[in-house]
Amino acid sequence: MTGAQTTLHHFEADLSALTPAEKDAYEAVEIEDYGVREFARKTGRRPGTVGNLLSRARGKVGGEGS
């Protein structure tokens, strides 16, 4: 994990529209600061799958991607 700073936006994001998988990916990568590949290994998913989940989640909470 890197030492990136968590911003207030991360805590204010409404995650209720996310699927459980999208929420897990978003929280791990955006809030807990896991890398996509690191989270993929942890969950047994492929990095591309995690990237897709993360992109959809970011789009739903108003971040980049969609």
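A count restricted to the range 50-66 and to residues that are without any contact (Cβ under 8 Å) to a residue 40 or more places away in the chain and surrounded by fewer than 15 Cβ atoms within 10 Å (Cβ to Cβ) stands at 4.
The set of residues in the range 8-66 being at pLDDT 95 or above, among the charged types (D, E, K, R) and part of a loop (DSSP other than H, G, I, E, B) consists of Arg45, Arg46. List pairs: first in the range 17-41 and closer than 10 Å to Arg56 by Cβ, second in a loop (DSSP other than H, G, I, E, B), Cβ under 7 Å, 6+ apart or cross-chain? Going by the 7 Å Cβ cut-off, the qualifying pairs are Tyr26/Leu15; Tyr26/Leu18.
The values are calculated or read from the model by the stated rules, or taken from the named source; none is laboratory data. Keep in mind the model is a prediction, meaning the values are calculated, not measured. With ideal geometry, Cβ positions are generated from the backbone for all residues, glycine too; neighbour counts draw on all protein chains shown.
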